[in-house]
Amino acid sequence: MTDHTRGEEPWFVLSGHTLMVGDFGRTELATSAEEGAKQLFRSARRLKELPDDLEVLPGAYAGSVCGRQLSGKPWSTIGFEKRHNQALMIEDEAEFVRFMVAEIPPAPPEAAKIRAANSAVTAAAA
């Protein structure tokens with residue numbers, strides 16, 4: 001997001017359930033765990049290109065079932081996550097996938113129902 005009244009540089013990124021403070025989001029709720037991790041790796045590469053001072057406003061933080069090592073802090077910066085987010089430090093796709101599919105927490109209640117609804121919406125849009 002950029003506030004063009006203040007400047008042309010981006011101000012923050014709404015990262016949703018992709019990059020969160022301390023980790024990335026779950027990999028298995030929308031697709032297979034491995035495919036989800038590959039998609040997250042591609043997103044991670046794009047996020048690393050953003051300016052270090054850019055604020056990260058994620059969709060969840062500690063206490064959520066959406067991630068594993070989430071911080072209680074509700075926001076961060078790209079630079080801080082580059083230095084302290086173990087998943088964001090991984091450069092190799094295969095290593096990233098292994099890291100992300102290890103120790104997947106139990107699926108949240110209604111996960112199968114939500115996945116089916118998401119699949120139906122995706123199919124209808126195609």
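Here are a few things to note about the model shown:
- Taking a straight Cα-Cα cut-off under 25 Å and skipping sequence neighbours fewer than 8 places away in the same chain, the lysines within cross-link reach of LYS82 are LYS38, LYS48, LYS73.
- The modelled label-to-label distance for the pair LYS82/ARG115, using points 7 Å beyond Cα in the direction of Cβ, is 3.5 nm.
- Taking the Cα centre of the chain as reference, the dipole from Cβ charges on Lys and Arg (+1) and Asp and Glu (-1) amounts to some 320 debye.
- Selection among PRO106, ALA125, ALA94 by position relative to the dipole of the range 12-125 gives ALA125 as farthest towards the positive end (Cβ unit charges, Cα centre).
- Whole-number D in µm²/s for the range 59-126 (Stokes-Einstein; Kirkwood sum over Cα pairs; 25 °C, 0.890 mPa s): 169 µm²/s
- Averaging 1/r over each pair of different alpha-carbon atoms in the chain and inverting the result gives 15.4 Å, the Kirkwood hydrodynamic radius.
- Total formal charge among the other residues, if their Cβ is under 13 angstrom from that of GLY22, Lys/Arg +1 and Asp/Glu -1: +2
Where a number appears in this text, it was derived from the coordinates with a stated rule and is not lab data. Note that this is a predicted model, so its numbers are computed, not measured. Cβ: placed from backbone, ideal geometry, glycine included. Neighbour counts: every protein chain shown.
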